[in-house]
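A.B. asks: To start, I am sharing the structure in question, which I have written as structure tokens.
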Amino acid sequence: MGDWTRRVRLRHLEIVLALAESGNISQTAAALNMTQPGISRWLKELEDDIGLPLFERHARGLKPTSHGDALIAHARQLLNYIDLTRDDLDARKHNGSGIVRLGCSGATTTNTAPSAVAALTAELPQCRISVTEGTMDTLLEQLAQGRLDIVIGRSARRLLPEGIRHETIYMEPLHFISGPGHPLARAGRLEWAQLYRYRWLVWPPGTPIRQELETVLLQAQKSLPEDHIESNSANFNLNLLAQTDFISVASSRTARRWQHFGLIAVLDLPLPVLGSVSAFWREDSIKRTAVKRALESVRAAGWQTDGG
């Protein structure tokens with residue numbers, strides 16, 4: 001049969017991803033303006049060429065096999081690389097310095113990420129920059145798929161995909177916070193019992209800041225209140241704190257920044273934990289000059305000690 005990859009075209013990769021998304025040959029055919037027999041025949045030929053079953057056929061449609069999942073992941077990554085190549089060269093064609101796609105978690109959007117982008121735009125004013133905010137799980141998945149170049153956010157106990165590198169850029173404490181008019185905001189040094197008089201607003205399980213909070217509670221031999229609320233939206237959290245007597249937690253730089261603008265109050269209960277914020281990048285991306293400069297800007301922003 002020879003090397004089957006020499007017969008694969010970008011259109012074929014798009015078909016594979018469309019089949020994975022819809023799980024239905026007829027829907028895929030309609031979406032791609034193809035015939036259903038044509039897609040069925042092509043898929044069978046591809047599986048014969050590779051020598052592995054890629055999809056299980058069921059009455060309700062298709063389901064990728066483990067081999068199909070591997071092909072889908074590679075196809076998605078290859079198409080993302082093609083998109084990056086197009087955008088990067090297009091930016092250079094217009095006297096630019098290339099493109100940098102930065103992902104940042106909510107903990108870094110108040111200080112570190114803006115500082116890094118400001119420094120990069122000053123150094124490379126023609127660089128095209130896109131910034132995506134999200135949870136670390138989502139951002140790291142996009143990084144692995146080739147849709148992002150650098151991710152900055154709170155570190156956590158997780159396995160990283162092959163080819164992903166990371167380093168800690170700073171450490172910071174965790175704070176309990178409240179709305180600026182909360183009774184505890186004017187109470188001075190607090191005891192744990194005072195916190196339990198109010199409902200808690202916390203980040204979802206598995207998020208780095210939740211893991212840090214759970215570490216604090218374990219050390220203090222405390223537990224989350226049963227009536228706590230979970231939210232992964234910083235904007236929602238700020239608005240709820242402003243309208244209620246809930247209390248929450250935030251990283252130091254974020255908390256101090258919000259406090260500076262009068263959005264929250266930092267409660268006076270020192271917590272014996274330091275969370276780390278890291279930069280993550282793909283080995284192949286760092287070879288591009290703009291991405292290398294961006295990583296240097298991220299590192300410099302992380303070294304800032306204003307705590308804001």
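The values are calculated or read from the model by the stated rules, or taken from the named source; none is laboratory data. Computed from a predicted structure; not experimentally measured. With ideal geometry, Cβ positions are generated from the backbone for all residues, glycine too; neighbour counts draw on all protein chains shown.
A.B. asks: Taking residue 235 as the residue in question, decide whether it is part of a helix (DSSP H, G or I), outside the structural domain of residue 286 (by TED's automatic domain parsing) and under 27 Å from residue 301 (Cα atoms).
C.D. replies: Spelling it out, residue 235 is indeed part of a helix (DSSP H, G or I), outside the structural domain of residue 286 (by TED's automatic domain parsing) and under 27 Å from residue 301 (Cα atoms).
A.B. asks: Just to verify a result, which residue in region 242-258, among those that are of a type in the set (S, T, N, Q) and at pLDDT below 95, is nearest to residue 210 (Cα to Cα)?
C.D. replies: By that ranking, first place goes to 251.
A.B. asks: In region 150-182, what count of residues is obtained for those that are part of a loop (DSSP other than H, G, I, E, B), farther than 20 Å from residue 109 by Cβ and among the hydrophobic types (A, V, I, L, M, F, W, C)?
C.D. replies: Residues that pass the stated criteria total 2.
A.B. asks: Among the candidates 87, 83, 69, single out the residue that is farther than 17 Å from residue 14 by Cα, assigned to a helix (DSSP H, G or I) and not assigned by TED's automatic domain parsing to the domain that holds residue 129.
C.D. replies: Going through 87, 83, 69 in turn, the sole match is 87.
A.B. asks: With touching a strand residue (DSSP E or B) at 6+ places or on another chain (Cβ under 7 Å), surrounded by fewer than 21 Cβ atoms within 10 Å (Cβ to Cβ) and acidic (Asp, Glu) as the only criterion, which of 214, 230, 226 stands out?
C.D. replies: 230
A.B. asks: Take residue 177 and tell me if it is touching a helix residue (DSSP H, G or I) at 6+ places or on another chain (Cβ under 6 Å) and closer than 21 Å to residue 246 by Cβ.
C.D. replies: Yes.
A.B. asks: Another question, if that's okay. Pull up region 105-124, narrow it to residues that are closer than 22 Å to residue 287 by Cβ and in contact (Cβ under 8 Å) with a residue 24 or more places away in the chain, then point me to the one that is surrounded by the fewest Cβ atoms within 10 Å (Cβ to Cβ).
C.D. replies: Filtering region 105-124 for residues that are closer than 22 Å to residue 287 by Cβ and in contact (Cβ under 8 Å) with a residue 24 or more places away in the chain, the one surrounded by the fewest Cβ atoms within 10 Å (Cβ to Cβ) comes out as 123.
A.B. asks: Right, another one. Among the residues of region 192-204 satisfying the criterion of being in contact (Cβ under 8 Å) with a residue 12 or more places away in the chain and part of a loop (DSSP other than H, G, I, E, B), which is surrounded by the fewest Cβ atoms within 10 Å (Cβ to Cβ)?
C.D. replies: 204
A.B. asks: Right, something else. So if I check each of 242, 300, 294, which one is over 20 Å from the mean Cα position of the chain (by Cα), under 28 Å from residue 163 (Cβ atoms), assigned to a helix (DSSP H, G or I) and touching a residue at least 60 places away in the same chain (Cβ under 8 Å)?
C.D. replies: It is 300.
A.B. asks: Can you tell me which condition residue 56 does not meet? The list is (1) over 29 Å from the mean Cα position of the chain (by Cα); (2) at pLDDT below 90, and all the others hold.
C.D. replies: Residue 56 satisfies every listed condition except (2).
A.B. asks: To continue, here is another question. Residue 6: closer than 16 Å to residue 76 by Cβ and at pLDDT below 90, yes or no?
C.D. replies: So residue 6 does not fit the description; no.
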